[in-house]
1. Looking at Phe57, is it within 20 Å of the chain's Cα centre (by Cα) and more than 23 Å from Thr123 (Cα to Cα)?
2. Looking only at region 112-126, filter to residues that are surrounded by fewer than 23 Cβ atoms within 10 Å (Cβ to Cβ) and touching a Gly at 6+ places or on another chain (Cβ under 9 Å); which one of those is farthest from Asp167 (Cα to Cα)?
3. Kindly check whether there is at least one residue in region 209-222 that is in a strand (DSSP E or B), more than 30 Å from Glu27 (Cα to Cα) and at pLDDT 95 or above.
4. Enumerate the strands (runs of 3 or more DSSP E) found wholly within region 83-201, keeping only those where 1 or more residues are over 21 Å from the mean Cα position of the chain (by Cα).
5. Tally up the residues in region 110-122 that are farther than 19 Å from Leu175 by Cβ and at pLDDT 95 or above, please.
6. Using the structure shown, decide if Val238 is in contact with a strand residue (DSSP E or B) (Cβ under 8 Å, 6 or more places away or on another chain), assigned to a strand (DSSP E or B) and without any contact (Cβ under 8 Å) to a residue 40 or more places away in the chain.
7. Does region 31-50 hold any residues that are of a type in the set (A, V, I, L, M) and buried (at least 19 other Cβ atoms within 10 Å of the Cβ), and which are they?
8. Which residue pairs have Cβ atoms closer than 6 Å, lie 6 or more positions apart in sequence or on different chains, and pair a first residue in region 153-167 that is surrounded by fewer than 19 Cβ atoms within 10 Å (Cβ to Cβ) with a second residue that is among the small types (Gly, Ala, Ser)?
Amino acid sequence: MKYDASYETCQICDSRRIALIKTDYRENQIYECSDCSVQFMNPVYSDEYLQAYYADFYDAEGAGPDIIKAQQSDNEVKFQFLDKFINEPGKVLDFGCGNGNFSSYAKNKGWSVVGYDVDATATQKVSDKLGIKVECGRLENVDWKATRFDLIHAHHVVEHLKDPMQDLKILRGLLADDGFLYVAVPNINSTSIRVKFFLEKIGLRRKNIGKYYDSDHHVFYYAPKSLKHMLESCGFEVVFSMNAPKKAVGNSKVAEFFSYDLPNFLYSNGAFFVIATKK
């Protein structure tokens, strides 16, 4: 079976004020909650469908040199901000470790790294390649043996989760009391998506309707407001929120304004990240 039964309430805030806002070119229906503003696929894919999808999706050794270079730059940017909050390396959980690019980078910076992902074959490759422990399977079934992490890294993972509230509450329990959670997601309210959505609404954009939802594997869709609401509902406090910049910059005030401050004010980029702590 490809889909679960349809939701009748919002899975984030339990509101019944949900409504269809888009049927994309894959014939997937996108709903929005009027109360917390999160958007989500409804009905959502079944566990069986997603398991088969991700079995083909992951390839721990398939990244080419251009992708690896881009990932390296991305990790440099992350730590440019994380280092403002974290004084020294500790223990990090790479939640959704994928091909292990962040795990490798963090390990080289002196972090003790544990990975997690859903596909057993891919996670074994990452474990063997990096010499780190990588857990897999349903998150609620993993025995973490009272481990607590100083940093939990979730880069473009939360939009894949069918039950993000449940998983984030588990992650909160794994976070040290003075630890930090890093979450990056696509921004469904970015300038480019809002323009495309409007053009589709008035009929001037008719090809690949709603392609920006990536509904072949993304099932929840966030903006800064809705992600903050969800994290707070799970017991986190957002201490920093930022558009995902394309590259690191120096300390020039002019460079910071055009690279960070102005895009952040407009939330114009296609993705954003937050840094949060326990309440």
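1. Working: within 20 Å of the chain's Cα centre (by Cα): yes; more than 23 Å from Thr123 (Cα to Cα): no.
Against the criterion (within 20 Å of the chain's Cα centre (by Cα) and more than 23 Å from Thr123 (Cα to Cα)), Phe57 does not qualify.
2. Checked region 112-126; the qualifying residue farthest from Asp167 (Cα to Cα) is Lys125.
3. Kept after step one, since they are in a strand (DSSP E or B), are these residues of region 209-222: 220-222.
Remaining after also requiring more than 30 Å from Glu27 (Cα to Cα): none.
So far as region 209-222 goes, no, none of its residues is in a strand (DSSP E or B), more than 30 Å from Glu27 (Cα to Cα) and at pLDDT 95 or above.
4. Details: elements: 91-95, 112-117, 133-136, 149-155, 175-186.
It comes to 112-117, 133-136, 175-186.
5. Narrowing region 110-122 to residues farther than 19 Å from Leu175 by Cβ: 110, 118-122.
If we keep only those that are at pLDDT 95 or above as well, we get 110.
Qualifying residue count for the region: 1.
6. Numbers: in contact with a strand residue (DSSP E or B) (Cβ under 8 Å, 6 or more places away or on another chain): yes; assigned to a strand (DSSP E or B): yes; without any contact (Cβ under 8 Å) to a residue 40 or more places away in the chain: yes.
Answer is yes for this residue.
7. Of region 31-50, the ones of a type in the set (A, V, I, L, M) are 38, 41, 44, 50.
Listed by number, the residues that qualify are Val38, Met41, Val44.
8. What qualifies is His156/Ala184.
The values are calculated or read from the model by the stated rules, or taken from the named source; none is laboratory data. The structure displayed is predicted, hence computed values, not measured ones. We place every Cβ from the backbone using ideal geometry, glycine too, and count neighbours over all the protein chains shown.
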